[in-house]
1. Tell me, what % of the accessible area of the stretch 161-295 is carbon and sulfur with a 1.4 angstrom probe?
2. Any chance you could check the Cα centroid distance between the stretch 243-259 and the stretch 194-219 for me, in angstrom?
3. Kindly report the accessible area of the stretch 148-196 per residue (heavy atoms of protein chains, probe 1.4 Å, no ligands, DNA or RNA), in Å².
4. Scaled to the compact-protein estimate 2.2 N^0.38 Å, what is the alpha-carbon radius of gyration of the stretch 64-180, rounded to two decimal places?
5. Listed highest first by mean packing, meaning other Cβ atoms within 10 Å per residue, what order do 141-148, 231-238 come in?
6. With the Cα gyration tensor of the stretch 90-148 in hand, give its eigenvalues times 5 under a square root as the equivalent ellipsoid semi-axes, listed largest first in whole angstrom.
7. Using Cα pairs under 8 angstrom and six or more residues apart, how large is the relative contact order of the stretch 186-270, in percent?
8. Ranked highest first by average number of other Cβ atoms within 10 Å, how do 69-80, 153-164 line up?
Amino acid sequence: MPEGQRVVLITGCSSGIGLAIAVMLARDEMKRYYGKSRSINRSTHSSSKFLLKYFEAAGDAYGKTLSLLTLDVCSDESVKQCVDSIKDRHIDILINNAGVGLVGPVEALSLDEMKQVFETNFYGVVRMIKEVMPDMKSRRSGHIIVISSVLGLHGVAFNDVYSASKFATEGLCEGLAIQLMNFNVNVSMIEPGPVNTEFEMKLMTEVSKKEFVGADPETLDHFRTCYLPTQVNLFQGLGQTPEDIARCTKKVIESPQPPFRNLTNPLYTPIVALKYADETGSLSVHTFYHMLYNLGGVMHVTVRIMKFLSFGWLRRRDNEKLIL
Ligand SMILES: NC(=O)C1=CN([C@@H]2O[C@H](COP(=O)(O)OP(=O)(O)OC[C@H]3O[C@@H](n4cnc5c(N)ncnc54)[C@H](OP(=O)(O)O)[C@@H]3O)[C@@H](O)[C@H]2O)C=CC1
Ligand SMILES: CC1=C(/C=C/C(C)=C/C=C/C(C)=C/C=O)C(C)(C)CCC1
C-alpha cells in the first residue's frame with residue numbers, strides 16, 4: 001500500500017450504501033484510501049451475482065485500492081478473523097454499515113426476529129468496535145463511523161424495534177465519542193432518512209410473506225392501509241441515493257474536525273428538529289400521529305409540507321443546494 005494511504009474497513013458492502021461508499025473511496029482521484037470491504041456473509045446470498053455487481057461498480061479500482069474480505073458481524077470469530085487478516089491489524093477508518101430492518105406491529109413480531117436485528121445493528125457494531133478500537137487508541141489515531149439512521153433519533157410507528165436498535169447504537173457511540181477524545185480517535189454517526197436501496201425491497205418482501213399473527217385487526221389495518229403506503233410514498237418523495245450518503249460520509253471522513261451527528265437529508269431535518277423543539281415530546285408525538293393517521297392517505301401533501309418546512313431551514317444553511 002502506498003505511503004499516506006488510509007486503510008478503511010467497511011462492513012456490509014454487497015449492496016446499497018456500503019457498496020456506494022466502498023466504490024467512491026476506492027475511486028478517490030487522489031488515491032487517499034485503501035478499502036477493505038466485507039463481502040458475502042450468508043448462504044442465502046448468491047455470491048456470484050454479488051461479485052459481478054461489485055466488480056462492475058468498482059471497475060479498475062478492484063485489486064488496486066479495493067479488496068474484499070469475508071465478514072459476518074454477528075459472529076465473534078468472523079469479526080476477529082477479518083481484522084486479523086489485515087496487515088498489522090491497522091485500520092484507520094472503520095465504517096459500520098451492515099444493518100437489517102424490521103417493520104410490523106410489535107405484538108406480531110417474534111423475539112427471535114427482534115434479537116436478530118439487535119445482533120446485527122447493535123451487537124454487530126459493538127463487536128467491530130471492540131476488535132478495532134484498542135489498536136486505534138494505542139496508535140492515538142482513528143475514525144469510527146456508524147451508518148445510523150434518523151430512526152436512531154426519533155421513533156416511527158411500526159419501526160419500533162429497528163428504531164430501538166439504532167437508538168442503542170447512538171447511545172453507545174455518544175459515550176465512546178467523549179471517552180475517545182483523550183486518544184485522538186473520532187466517532188461520527190451518519191443519519192440518513194429514507195434511502196433507495198434494497199433495504200426497503202427486503203422489508204416489503206418480508207411484509208408480503210407475513211400474516212402478523214398476534215396483532216388485532218384494527219392495528220393490522222393501520223399498518224397495512226396507513227403506514228405501508230406512507231412508507232412507499234416517503235421513499236419515492238424524499239428518498240436519497242446511496243451515492244448521496246457516500247458523498248456525505250466522504251465529507252465527514254475528510255473534515256479536519258468531523259462532527260459527531262450528520263443528518264444527510266436537509267428535507268428531513270425539520271422532522272428531527274420537532275423532537276428538540278419541545279422537551280416533553282408531545283409536539284413530535286402528536287405531529288407524527290396526525291401525519292400518519294390523518295394525512296397518511298394524502299402523503300404527497302405531507303411530503304410537500306416537509307419540503308415547505310425545510311425550505312425555511314435551508315435558507316439558513318448557505319452551503320446546501322436543493323431543488324424543491
Ligand atoms: N435504506 C435506508 O432507507 C436506510 C438505511 N440505513 C442503514 O444503512 C445501512 C445500510 O443499509 P442499505 O444499504 O440501505 O441496505 P442494504 O440491504 O442494501 O445493505 C445492507 C448490507 O448489510 C449487510 N449485512 C447484513 N447483515 C450482515 C451481517 N451479519 N454481516 C455483515 N454484513 C451484513 C448486507 O449483506 P447481505 O445482504 O449479504 O446480508 C448488505 O450488504 C444499514 O445499517 C441501515 O440500517 C439508514 C437509514 C436509511
Ligand atoms: C410514517 C411517518 C413518518 C415516517 C418515516 C419513515 C418511514 C422513515 C423511515 C426511515 C428509514 C427507513 C430509515 C432507515 O434507517 C414521518 C415522516 C416521520 C412522519 C410521520 C409519519
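The values are calculated or read from the model by the stated rules, or taken from the named source; none is laboratory data. Quantities reported herein were computed from a predicted structural model and do not represent experimental measurements. Note: ideal-geometry Cβ built from the backbone for every residue, glycine included; neighbour counts use all protein chains shown. The area values use the complete protein model at the heavy-atom level, side chains included, leaving out ligands, DNA and RNA. Shrake-Rupley method; radii C 1.70, N 1.55, O 1.52, S 1.80 Å.
1. On the way: 3970 of 6800 Å².
Ligands and nucleic acids excluded, carbon and sulfur reach 58 percent.
2. The two parts, judged by their Cα centres, are 31 Å apart.
3. Details: 1620 Å² over 49 residues.
It amounts to 33 Å² per residue over the stretch 148-196.
4. Working: Rg = 15.4 Å, N = 117, 2.2 N^0.38 = 13.4 Å.
After normalising by residue count via 2.2 N^0.38 Å, the value is 1.15.
5. Values: 141-148: 23.2, 231-238: 17.6.
Order by mean packing, descending: 141-148, 231-238.
6. Values: eigenvalues 189, 21, 8 Å².
With the √(5λ) rule applied to the stretch 90-148, the semi-axes are 31, 10, 6 Å.
7. Relative contact order comes out at 62 percent.
8. On the way: 69-80: 17.5, 153-164: 20.1.
Top of the packing list down: 153-164, 69-80.
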